[in-house]
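The block underneath contains the structure these notes are about, expressed in structure tokens.
The values are calculated or read from the model by the stated rules, or taken from the named source; none is laboratory data. Not measured: the values here are computed from a predicted model. Here the Cβ is made from the backbone with ideal geometry for all residues, glycine too, and neighbour counts use every protein chain on show.
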Amino acid sequence: MKKYFLLLIAFPMLFGCSTNSTQTQNPYLPSYSVNFDINMNLPAYVSLQQVANSIYYPNQGVRGVVIFNAGSGYYAFDAACPNQALSSCSTMAFKRFDPVDPLKIDKTTLVCPCDNAEYSLFSGQSAGKEYPLKQYRVEVLGNLLRVYN
């Protein structure tokens with residue numbers, strides 16, 4: 001009887017662990033190490049303190065990293081188109097409200113110029129697309145954001 005009881009307790013412990021990862025293996029995007037900090041008190045990043053605002057941080061990940069304040073937390077996504085092989089058109093851009101005025105942009109949506117697919121920064125998803133945006137972890141340390149994988 002003790003053996004069955006121990007087995008009943010051990011079984012959920014063996015198979016109940018998770019990796020705490022939301023990433024899927026994407027054949028289009030290589031895995032690069034990402035580890036940097038952003039001080040939101042600096043003028044270039046103070047806009048991250050506002051909900052539904054984002055910034056582009058170059059020279060990290062595959063094609064740069066977009067950090068987004070969703071209100072409930074911060075998200076960081078790679079700026080590479082997740083459903084395209086790397087090419088000259090596979091770097092995401094913020095969606096424009098007005099094609100004539102480049103200052104009117106939607107800081108909650110990224111667009112892949114290769115196929116015009118739109119990705120929400122709230123979820124990282126695009127309707128009808130197989131792979132979501134490549135996501136990185138974000139840790140909040142006061143006014144400092146640590147982005148890593």
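Some notes on this structure:
- Looking only at residues of segment 70-126 that are without any contact (Cβ under 8 Å) to a residue 40 or more places away in the chain and β-branched (Val, Ile, Thr), we find that the one that is surrounded by the fewest Cβ atoms within 10 Å (Cβ to Cβ) is VAL100.
- In the set (1) under 17 Å from the mean Cα position of the chain (by Cα); (2) touching a residue at least 12 places away in the same chain (Cβ under 8 Å), LEU144 fails one condition alone, (1).
- So VAL65, is it out of contact with any helix residue (DSSP H, G or I) (no Cβ under 9 Å at 6 or more places or on another chain) and at pLDDT 95 or above: yes
- Only one of ILE38, ILE55 that is within 23 Å of GLN125 (Cα to Cα), at pLDDT 95 or above and touching a Lys or Arg at 6+ places or on another chain (Cβ under 9 Å): ILE55
- Residue list for segment 35-44, restricted to those being touching a residue at least 24 places away in the same chain (Cβ under 8 Å), assigned to a loop (DSSP other than H, G, I, E, B) and farther than 20 Å from PHE94 by Cβ: ASN41
- Of the listed requirements (1) surrounded by fewer than 16 Cβ atoms within 10 Å (Cβ to Cβ); (2) on the phi < 0 side of the Ramachandran plot; (3) not aliphatic (A, V, I, L, M), ASN59 misses just one: (2).
- Hey, ASN26 modelled with pLDDT under 95, of a type outside the set (Phe, Trp, Tyr) and under 14 Å from the mean Cα position of the chain (by Cα) or not: yes
- VAL147 meets each of the listed conditions (1) within 15 Å of LEU48 (Cβ to Cβ); (2) at pLDDT below 95 apart from (2).
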